[in-house]
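The values are calculated or read from the model by the stated rules, or taken from the named source; none is laboratory data. What you are looking at is a predicted structure, and each value in this text was computed from that prediction instead of being measured. Cβ atoms come from the backbone with ideal geometry, glycine included; neighbour counts cover every protein chain shown. These area figures cover heavy atoms from the full protein model, side chains too; ligands, DNA and RNA do not enter into them. Shrake-Rupley method; radii C 1.70, N 1.55, O 1.52, S 1.80 Å.
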Amino acid sequence: MSERGGGFGAFLFGIVLGAVAGFIFAPTAGGESTRRKVSKGLRNLKELAEEKVDDVRGLLREAEEQAAEEDEEAGEEDEAELSTREQLRRRLDAARRRRARAARPVPPASEEEDEPLA
């Protein structure tokens, strides 16, 4: 049942699309002026899209240059940070080993020692 609504929507879309195509490709003077307006609008849209693409390319270049500068400045800091990270990693490993040793159950002594001497 839900597909009936989808078919009706497609039918309406087809009617609208057909009307627009008929209006654009009509052999009358109105159709000719419409074609000129549409082609002019498409050219303007193409130029606008090209301008936006150029703007985005410029922004990407600026971002790449800025990132490269930041990488050069942070190069020395990264080396010091890596050694600090290595130190922290070693400390964590040692703490984990100590915790694992402390969590191990102590094996009970022999049963003879547990019994009271009477």
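In this entry, Leu82 is excluded by the filter for residues that are part of a loop (DSSP other than H, G, I, E, B) and at pLDDT below 80. Within segment 30-45, if we keep just the residues that are at pLDDT 80 or above and among the charged types (D, E, K, R), the residue that is least open to solvent (accessible area, probe 1.4 Å) turns out to be Lys40. Checked against (1) touching an Asp or Glu at 6+ places or on another chain (Cβ under 9 Å); (2) modelled with pLDDT of 85 or more, Ala26 meets all criteria but (2). The condition of being modelled with pLDDT under 90 and exposed (fewer than 10 other Cβ atoms within 10 Å of the Cβ) holds for only one of Ala103, Ala63, that being Ala103.
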